[in-house]
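Asker: Before we start, here is the structure in question, set down as structure tokens.
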Amino acid sequence: MKKVAVVGVGNTSFKSRHIDKTFPRLAYEAVRMAMEDAGASKDDIESVVYSIYNDFFEHCAMPDHHVHYLLGFARKPGSRITTGGATGGYSIRAAFAEVASGMHDVVIVVGVEKVGDVANVIEMVKSITFAADPFFEYQLGASPAGSYGAAIRWHMENYGTTEEDMARVVVKNKGNARLNPDAQSPMEITIEDVLKSPMVIYPLKILDHCLNSEGAAAIILASENAVRRFRKDPVWITGIGASTESGRQAERDNAGSSLFPAVRISAQKAYEMAGISDPSNAIHVAEVYDSFSGVEICLYEELGFCSWGAGTAFLRDGMADIGGKIPVNPSGGLIGCEHAIGATGVYQVAEIVRHIRGEAGSRQVPGASRGIAQSMGGARGAYSVCVVLEG
């Protein structure tokens, strides 16, 4: 298996609505920035993997092949991945496999979403709910907040996590977003502000939720044979792991303390591939899937940053802050920066790459040479991908 490096990254700004930009335009801007970052041309790209989520968002069953032509990649191979919130992670995994296998030397991953042009918010949320089991869970009123909220309640009841702890995640991530010029929702808020926001499904309030975003991100992967053609500071993917659980939560096997077993397994596989035995001391920066504030606390434990039940202490002690032991979501995460679903996992990797290069500006994690990007999707994290990157 060949070594694989990230040699170029690019992303648009993220907004609730890019009123002045079309779906293809957002993809084009991210691709152009990634190519400029790598010092690459269109001719260097041998294959494209598109990270585009729900067909209902664009009201088009195959939006990738339309974008493929408009980007100038016609007649080059292009494929599309769609695995909910893990769409970006699984797209990177597919592109990694193409390069590591020797099939191609240079592959670009393009993540883009622009739901606002053809679907309203109610239709958008309903289309996400279609991912639930149609014969049982959907009929009982399944929702994204409901599936994750149940796990958070278990954590509260068994480990003492509070609504105030969840609010701390929001304050941290919205605050981190103030350091990110591309972030959608930078805010200086207090725990009290979060607690006073309207309740959606207990214990999740409006401000505990991730954003609904439009935007695009792109990364270019190159083999060890091709990397010399591009910039001189490649960031290597040293570990990549994936796991997919049963879509029906009621049918999942007992996973012990793990509330998100697909995350735990995908992390273990990535760490094993990267030769990491103690992630709590090996990882310097992390971008994780904070779809809801309480989920981030659970992920500290699933990713091995701390022991089971110690996620709240990890947060309260400032370990997840910029300047802490393992800064988590310095970009602002899904709560503060963006959740343009297909673009999210791609953007997470781009953010880790920038930290390893020392290019993250005022949110830079000093001395970061190894990081992890984790994305997940489906009911209570049915899909999960973890990517370990090193400089």
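The values are calculated or read from the model by the stated rules, or taken from the named source; none is laboratory data. Only a predicted model underlies this, so the values are computations on that prediction, with no experimental measurement involved. Neighbour counts are summed over all protein chains in view; Cβ atoms, including those assigned to glycine, are modelled from backbone coordinates with ideal geometry.
Asker: Count, please, the residues in segment 157-180 that happen to be under 15 Å from ASP321 (Cα atoms) and charged (D, E, K, R).
Answerer: Here the count works out to 5.
Asker: If a residue has to be in a loop (DSSP other than H, G, I, E, B), of a type outside the set (D, E, K, R) and surrounded by fewer than 18 Cβ atoms within 10 Å (Cβ to Cβ) to count, how many in segment 188-230 make the cut?
Answerer: So the count comes out to 6.
Asker: What helices (runs of 4 or more DSSP H) completely inside segment 251-323 contain at least 3 residues that are within 30 Å of SER197 (Cβ to Cβ)?
Answerer: Fully inside segment 251-323 and qualifying: 293-302, 311-316.
Asker: Determine which member of the set ARG80, ARG153 is among the basic types (Lys, Arg) and under 30 Å from GLU192 (Cα atoms).
Answerer: Residue meeting the stated conditions: ARG153.
Asker: Right, here's the next one. What number of residues within segment 172-187 are surrounded by fewer than 22 Cβ atoms within 10 Å (Cβ to Cβ) and among the hydrophobic types (A, V, I, L, M, F, W, C)?
Answerer: 2
Asker: Any residue at all in segment 364-380 that's among the hydrophobic types (A, V, I, L, M, F, W, C), under 26 Å from VAL4 (Cβ atoms) and assigned to a loop (DSSP other than H, G, I, E, B)?
Answerer: We begin by selecting, within segment 364-380, every residue among the hydrophobic types (A, V, I, L, M, F, W, C); these are 365, 368, 372-373, 376, 379.
Add one more test, that the residue is under 26 Å from VAL4 (Cβ atoms), and what stays is 365, 368, 372-373, 376.
After this cut, where a residue has to be assigned to a loop (DSSP other than H, G, I, E, B) as well, the list is 365, 368.
So far as segment 364-380 goes, yes, one or more of its residues are among the hydrophobic types (A, V, I, L, M, F, W, C), under 26 Å from VAL4 (Cβ atoms) and assigned to a loop (DSSP other than H, G, I, E, B).
Asker: Looking only at segment 80-104, count every residue that is in contact (Cβ under 8 Å) with a residue 24 or more places away in the chain and in a helix (DSSP H, G or I) and tell me the total.
Answerer: Final tally of qualifying residues: 13.
Asker: Please state which one of GLU164, GLU157 is touching a residue at least 12 places away in the same chain (Cβ under 8 Å), among the acidic types (Asp, Glu) and either assigned to a helix (DSSP H, G or I) or surrounded by 18 or more Cβ atoms within 10 Å (Cβ to Cβ) (or both).
Answerer: Details: GLU157 fails: touching a residue at least 12 places away in the same chain (Cβ under 8 Å).
Of GLU164, GLU157, the one residue that is touching a residue at least 12 places away in the same chain (Cβ under 8 Å), among the acidic types (Asp, Glu) and either assigned to a helix (DSSP H, G or I) or surrounded by 18 or more Cβ atoms within 10 Å (Cβ to Cβ) (or both) is GLU164.
Asker: Right, something else. Looking at segment 325-381 only, could you name the residues that are within 22 Å of VAL170 (Cα to Cα), hydroxyl-bearing (Ser, Thr, Tyr) and out of contact with any Lys or Arg (no Cβ under 8 Å at 6 or more places or on another chain)?
Answerer: Within segment 325-381, THR344, TYR347, SER362, SER375 qualify.
Asker: Check VAL48, VAL31, VAL7 and return the single one that is under 21 Å from the mean Cα position of the chain (by Cα), more than 16 Å from ALA343 (Cβ to Cβ), modelled with pLDDT of 95 or more and among the β-branched types (Val, Ile, Thr).
Answerer: After ruling out the rest, the residue left standing is VAL7.
Asker: Something else now. Going through ARG370, ARG357, ARG316 one at a time, which residue ends up being of a type in the set (D, E, K, R), surrounded by fewer than 24 Cβ atoms within 10 Å (Cβ to Cβ) and either under 18 Å from the mean Cα position of the chain (by Cα) or within 26 Å of VAL115 (Cα to Cα) (or both)?
Answerer: Step by step, each of ARG370, ARG357, ARG316 is checked, and only ARG370 is of a type in the set (D, E, K, R), surrounded by fewer than 24 Cβ atoms within 10 Å (Cβ to Cβ) and either under 18 Å from the mean Cα position of the chain (by Cα) or within 26 Å of VAL115 (Cα to Cα) (or both).
Asker: Would you point out which residue out of ALA38, ALA74, ALA30 is within 30 Å of ALA131 (Cα to Cα) and small (Gly, Ala, Ser)? Outline the logic, then answer.
Answerer: On the way: ALA38 fails: within 30 Å of ALA131 (Cα to Cα); ALA74 fails: within 30 Å of ALA131 (Cα to Cα).
After applying the criteria, what remains is ALA30.
Asker: Looking only at segment 372-383, which residues are touching a Pro at 6+ places or on another chain (Cβ under 9 Å) and either among the charged types (D, E, K, R) or within 16 Å of PRO279 (Cβ to Cβ) (or both)?
Answerer: Once the filter is applied, which keeps residues that are touching a Pro at 6+ places or on another chain (Cβ under 9 Å) and either among the charged types (D, E, K, R) or within 16 Å of PRO279 (Cβ to Cβ) (or both), segment 372-383 yields only ILE372.
Asker: Further, regarding this structure: Which is more than 22 Å from GLY332 (Cα to Cα) and β-branched (Val, Ile, Thr), of VAL118, VAL169, VAL112? I'd like the intermediate steps shown before the answer.
Answerer: Numbers: VAL169 fails: more than 22 Å from GLY332 (Cα to Cα); VAL112 fails: more than 22 Å from GLY332 (Cα to Cα).
Exactly one residue qualifies, and that residue is VAL118.
Asker: Any residue in segment 53-79 that's under 15 Å from THR22 (Cα atoms) and touching a residue at least 24 places away in the same chain (Cβ under 8 Å): show its pairings with residues that are part of a helix (DSSP H, G or I) and not hydrophobic (A, V, I, L, M, F, W, C) at Cβ separation under 7 Å, as long as the two are six or more apart or on different chains.
Answerer: Every condition considered, the pairs that remain are PHE57/SER127; VAL67/PRO24; LEU70/PRO24; LEU71/TYR28.
Asker: Go through PHE96, PHE56, PHE73 for me and flag whichever is surrounded by fewer than 24 Cβ atoms within 10 Å (Cβ to Cβ) and closer than 12 Å to ILE219 by Cα.
Answerer: Result of the check over PHE96, PHE56, PHE73: PHE96.
Asker: As an exercise: evaluate ASN120 against (1) closer than 18 Å to CYS210 by Cα; (2) surrounded by 18 or more Cβ atoms within 10 Å (Cβ to Cβ); (3) not aliphatic (A, V, I, L, M) and give the number of the one condition it does not meet.
Answerer: Every listed condition holds for ASN120 apart from (2).
Asker: Same structure again: Would you be able to say whether some residue in segment 268-278 is buried (at least 18 other Cβ atoms within 10 Å of the Cβ) and touching a Phe, Trp or Tyr at 6+ places or on another chain (Cβ under 6 Å)?
Answerer: Taking every residue of segment 268-278 in turn, none turns out to be buried (at least 18 other Cβ atoms within 10 Å of the Cβ) and touching a Phe, Trp or Tyr at 6+ places or on another chain (Cβ under 6 Å).
Asker: Quick check: anything in segment 305-328 closer than 26 Å to TYR159 by Cα, of a type outside the set (Val, Ile, Thr), in contact (Cβ under 8 Å) with a residue 24 or more places away in the chain and touching a Cys at 6+ places or on another chain (Cβ under 8 Å)?
Answerer: The answer is yes; a qualifying residue exists.
Asker: While we're on this one: Return the residues of segment 105-134 that are assigned to a helix (DSSP H, G or I) and not β-branched (Val, Ile, Thr); say none if nothing qualifies.
Answerer: Initially, segment 105-134 is screened for residues assigned to a helix (DSSP H, G or I), giving 115-117, 121-129.
Residues satisfying the conditions are GLY116, ASP117, GLU123, MET124, LYS126, SER127.
Asker: Report yes if GLY247 is part of a loop (DSSP other than H, G, I, E, B) and on the phi > 0 side of the Ramachandran plot, otherwise no. Talk me through it step by step, then tell me what you get.
Answerer: Working: part of a loop (DSSP other than H, G, I, E, B): yes; on the phi > 0 side of the Ramachandran plot: no.
No; evaluated as a whole, the condition is false for this residue.
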